Amino acid sequence: MKNNLRRVLIIAAVVLALLMLLSMAACGKEEAPAATQTPAAGDVSLDAVQEEPSPSPSPENLLPTATPVPTADADGLLTFTSMSKGFSFQYDQEYIAMSNPADNAMIYAAGDTTLPYCSVSLMTDTDAAGYLKEIAAGASIELEGSMSAAPGEPADAGVEGREVYTISYSYSYEDEEISGTVVCTYYAENIGEGQVAVFNSTALEKDSETVAAILKLAMDTFKLG
């Protein structure tokens, strides 16, 4: 019986050895993965650096985009910041503020992007009175026949300690949903180095108090840099 047990053990050992040899042979036939080479410092080819392609212009890229809404302060005011132009101002949280394609601000008081609305912009290479004259000339041409009150010459807005000019004009407006007399008011302030802060409101006469309050708050809290 001992001899039989010895034979079984010997046979098992031989079979195990054969299996190990077959396994090693099979592994030897597999190809080793290619080694990853890490370039030495200063050894990187410019051809290996690929820039992410810029998206092609599309109509969606040209539409106003919503500005991230910050937390309102204790007075219920939010702060709009133009990231590219470096100006900021405050507005009431019940309104909607958005960036237009030039990264200036549009503030909508009706809960959507229709009348009434205001805008806050930063213009360069101009002066306040000159800019308003251009606005007045363009409006007179564009609204010829429907203008009920011409803008006239830029006048001092009477803001103490600040160089602010203003113009205002009105015109008749009608569409399927809105009709009446629209009043458009501009304020332009010289803030130095050929830069002008421009505050505009466009609204039906019945909304004049609402947009006047928006512009006053924007002008009072406007900051550059």
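Structure notes:
- Candidate set from the range 137-169 (those that are touching a Phe, Trp or Tyr at 6+ places or on another chain (Cβ under 7 Å) and in a loop (DSSP other than H, G, I, E, B)); member that is surrounded by the most Cβ atoms within 10 Å (Cβ to Cβ): 151
- Qualifying residue in the range 184-200 (condition: part of a strand (DSSP E or B), touching a Phe, Trp or Tyr at 6+ places or on another chain (Cβ under 7 Å), without any contact (Cβ under 8 Å) to a residue 60 or more places away in the chain and of a type in the set (Gly, Ala, Ser)): no
- Residue 134 open to solvent by 50 Å² or more (accessible area, probe 1.4 Å) and outside any loop (DSSP other than H, G, I, E, B): yes
- The range 87-124, subset of a type in the set (Phe, Trp, Tyr) and touching a residue at least 24 places away in the same chain (Cβ under 8 Å), residue surrounded by the fewest Cβ atoms within 10 Å (Cβ to Cβ): 95
- Residues of the range 170-199 satisfying the condition of being within 20 Å of residue 106 (Cα to Cα) and either touching a Pro at 6+ places or on another chain (Cβ under 6 Å) or surrounded by fewer than 15 Cβ atoms within 10 Å (Cβ to Cβ) (or both): 178
- Listed by first and then second residue, the pairs with beta-carbon distance under 7 Å, at least 6 apart or on different chains, first residue in the range 149-163 and on the phi < 0 side of the Ramachandran plot, second surrounded by 14 or more Cβ atoms within 10 Å (Cβ to Cβ) and of a type in the set (Phe, Trp, Tyr), are 149/169; 150/169; 151/169; 154/165; 155/165; 156/165; 157/165; 157/187.
The values are calculated or read from the model by the stated rules, or taken from the named source; none is laboratory data. Keep in mind that what you see is a predicted model, and the values were worked out from it rather than measured. Every residue, glycine among them, receives a Cβ derived from its backbone with ideal geometry; neighbour counts consider all protein chains shown. We work out accessible area using only protein heavy atoms, side chains counted, and drop any ligands, DNA or RNA first. Shrake-Rupley method; radii C 1.70, N 1.55, O 1.52, S 1.80 Å.
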